[in-house]
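The values are calculated or read from the model by the stated rules, or taken from the named source; none is laboratory data. In this text, all values refer to a predicted model and were calculated from it rather than measured experimentally. Neighbour counts run over all protein chains shown; Cβ positions are idealised from the backbone, glycine included. Heads up: the accessible areas ignore ligands, DNA and RNA and are worked out on the full protein's heavy atoms, side chains in. Shrake-Rupley method; radii C 1.70, N 1.55, O 1.52, S 1.80 Å.
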Amino acid sequence: MAKPSSTMKDKTLNGLGNLIRLLPTGTVFMYQFLNPILTNNGHCTIINKYLSDILIALCGFSCGCYCFTDSYTNNDGATRYGIATMKGFWPMSSSVDTSSYKIGVGDFVHAFFTIVVFGVVTILDRNTVDCFFPAFESTQKMLIMVLPPAVGAISSGVLMVSPNKRHGIGYPPTSQDN
């Protein structure tokens with residue numbers, strides 16, 4: 001009887017770990033660091049809006065691309081990082097068969113949800129809301145409060161059903177993954 005609860009606990013913790021890995025922390029940190037500067041603390045001019053748009057687009061693109069990075073341990077025990085492609089892994093290693101690292105539908109699903117979750121992070125930021133939507137009414141602000149838990153629940157559900165097998169930059173494979 002303890003076995004099913006242990007399995008459910010493991011799935012829940014694994015799903016939470018996948019959700020945490022969904023957003024690259026360096027990209028989110030860069031966004032959180034540069035956003036107050038580029039939005040002028042929410043008091044935007046047209047230039048600030050363009051600069052903030054560029055920052056959001058670059059960070060969103062970075063989050064999406066991160067879903068296609070992976071790592072493996074070669075025969076010498078060194079961890080190698082690269083990008084999954086339609087043919088396998090780039091850069092290639094002659095000593096390890098990397099054909100199993102091909103891009104799949106799950107990679108695109110994870111990239112989509114990564115970008116959506118990053119989008120939620122951007123609309124949770126007070127400076128971004130004040131810059132792009134300065135006339136938000138209290139009922140519209142309620143949407144901002146409801147949207148993150150809804151997106152988080154949907155993303156968590158998708159990640160529990162379809163966990164990401166990739167080990168992107170910063171998350172090397174463990175001994176049980178090899």
Is there any pair linking a residue in the range 147-168 that is within 15 Å of Phe118 (Cβ to Cβ) to one that is among the hydroxyl-bearing types (Ser, Thr, Tyr), with Cβ under 9 Å and at least six apart or on different chains, and which?
Ser155/Thr114; Gly168/Tyr66; Gly168/Thr69; Gly168/Ser71; Gly168/Tyr81
What's the number of the condition Ala135 fails, among (1) part of a helix (DSSP H, G or I); (2) open to solvent by 40 Å² or more (accessible area, probe 1.4 Å); (3) of a type in the set (A, V, I, L, M, F, W, C)?
(1)
Need the failing condition index for Met86 against (1) assigned to a helix (DSSP H, G or I); (2) at pLDDT 80 or above, just the number.
(1)
If the Cβ limit is 9 Å and pairs must be 6+ apart or interchain, which residue in the range 107-129 that is of a type in the set (Gly, Ala, Ser) pairs with which residue that is part of a helix (DSSP H, G or I)?
Ala111/Cys63; Ala111/Gly64; Ala111/Cys65; Ala111/Tyr66; Gly119/Ile56; Gly119/Gly60; Gly119/Val151
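Can you find a residue in the range 48-70 that is small (Gly, Ala, Ser), surrounded by fewer than 13 Cβ atoms within 10 Å (Cβ to Cβ) and farther than 18 Å from Pro163 by Cα?
At the first step, the residues of the range 48-70 found to be small (Gly, Ala, Ser) are 52, 57, 60, 62, 64.
Narrowing the set further to residues that are surrounded by fewer than 13 Cβ atoms within 10 Å (Cβ to Cβ) leaves 57.
Add one more test, that the residue is farther than 18 Å from Pro163 by Cα, and what stays is 57.
So far as the range 48-70 goes, yes, one or more of its residues are small (Gly, Ala, Ser), surrounded by fewer than 13 Cβ atoms within 10 Å (Cβ to Cβ) and farther than 18 Å from Pro163 by Cα.
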Is it the case that some residue within the range 96-112 is open to solvent by less than 50 Å² (accessible area, probe 1.4 Å), modelled with pLDDT under 80, touching a strand residue (DSSP E or B) at 6+ places or on another chain (Cβ under 9 Å) and over 12 Å from Phe68 (Cβ atoms)?
yes
Quickly run through the range 22-57 and pick out the residues that are closer than 27 Å to Lys87 by Cβ and out of contact with any His (no Cβ under 9 Å at 6 or more places or on another chain).
Pro24, Thr27
